[in-house]
Amino acid sequence: MRILLAEDDIRLGPLIVHMLNKEGHTTDWVQNGLEALDYISVTSYDLLLLDWMMPLMDGVTLCKDLRKDAYTGGIILLTAKDTLNDRISGLDAGADDYVIKPFEFSELFARIRCISRRMVQPIQDEWIGLSPYRLLLNERSLQCNDEQVTLTTREFQLMELLMRNEGKVLPRSLLIERIWGYDSEVNSNTLDALVKQLRKKLDCTKGQMHINNVRGMGYKVEVAVVCTNE
């Protein structure tokens, strides 16, 4: 499953990520509710693990707001609050389940499996389209009409993030965390080098896809002209 963990405990957060990834999940970690909203806005997650008492926006408020916006993914609240009223409040907010801290990872994994079994999984697209381009998700390559562009793993990750959010500026910090990981020491120069490599490959196609740098903010992708086979 693709999981987002929102947990402000800097010791517990990395441990949960490590254990989830060992189980075969792909996990992103943020430390407050507003940062979680940013991630959810650009990525499709199967499951959210939300700490109740995190800063800026608590897990219950975030859960309520997401359900009001018709968010259909799984949500589990993580909290030390263990009274009956607390559990009812969390479930009424739209959470699918509730795990009380401290918890055993075997219990957390069991609850995740339970949610996974009862979730109606959407059929995943095999490609993302920005005419005349298609990002082939299974082949991890980019296609423009009859041209096929082979991408490295990180080029593909960057291309997927940008194409899923056409016209939207994605912050540098978000791109670095999503491609290299939250604990990476990679800086903006490395991201710029990756963008430069990807731009060279785009320049060799017949289309007009541009990765634009928005000064002081980040990058966005735009397709200026539809290419033809002529």
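The values are calculated or read from the model by the stated rules, or taken from the named source; none is laboratory data. Computed from a predicted model, the values in this text were never measured in an experiment. Positions of Cβ are generated from backbone atoms using ideal geometry, with glycine treated the same way; all protein chains shown enter the neighbour counts. Calculation scope for accessible area: heavy atoms of the full protein, side chains included, ligands and nucleic acids excluded. Shrake-Rupley method; radii C 1.70, N 1.55, O 1.52, S 1.80 Å.
A few remarks follow.
- Residue 73 falls short on exactly one of the conditions (1) in contact with a helix residue (DSSP H, G or I) (Cβ under 7 Å, 6 or more places away or on another chain); (2) open to solvent by less than 30 Å² (accessible area, probe 1.4 Å); (3) touching a residue at least 24 places away in the same chain (Cβ under 8 Å); (4) closer than 30 Å to residue 15 by Cβ, and that condition is (1).
- Scan of the range 193-217 for residues that are open to solvent by less than 70 Å² (accessible area, probe 1.4 Å) and either part of a loop (DSSP other than H, G, I, E, B) or out of contact with any strand residue (DSSP E or B) (no Cβ under 8 Å at 6 or more places or on another chain) (or both), ordered by number: 193, 194, 205, 207
- Only listed residue being open to solvent by 10 Å² or more (accessible area, probe 1.4 Å) and either over 19 Å from residue 171 (Cα atoms) or out of contact with any helix residue (DSSP H, G or I) (no Cβ under 8 Å at 6 or more places or on another chain) (or both), chosen from 43, 79, 61: 61
- Pairs meeting the criteria (first residue in the range 195-207 and within 16 Å of residue 220 (Cβ to Cβ), second residue assigned to a helix (DSSP H, G or I), beta carbons under 7 Å, at least 6 apart or on different chains) are 198/155; 198/158; 198/159.
- Complete set of residues in the range 135-168 that are open to solvent by 40 Å² or more (accessible area, probe 1.4 Å) and under 17 Å from the mean Cα position of the chain (by Cα): 153, 154, 157, 160, 164, 166, 168
- Of all residues making up the range 3-36, the number that are under 10 Å from the mean Cα position of the chain (by Cα) and open to solvent by 60 Å² or more (accessible area, probe 1.4 Å): 1
- Residues being touching a residue at least 12 places away in the same chain (Cβ under 8 Å), in a helix (DSSP H, G or I) and not polar (S, T, N, Q) - total across the range 87-107: 2
- Any chance residue 168 is in a loop (DSSP other than H, G, I, E, B), within 30 Å of residue 17 (Cβ to Cβ) and touching a residue at least 60 places away in the same chain (Cβ under 8 Å): yes
For every residue, the table says whether it meets (1) among the basic types (Lys, Arg); (2) at pLDDT below 85; (3) over 21 Å from residue 161 (Cβ atoms); (4) surrounded by 11 or more Cβ atoms within 10 Å (Cβ to Cβ).
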residue	(1), (2), (3), (4)
87	yes, yes, yes, yes
90	no, yes, yes, yes
94	no, no, yes, yes
101	yes, no, yes, yes
133	no, no, no, yes
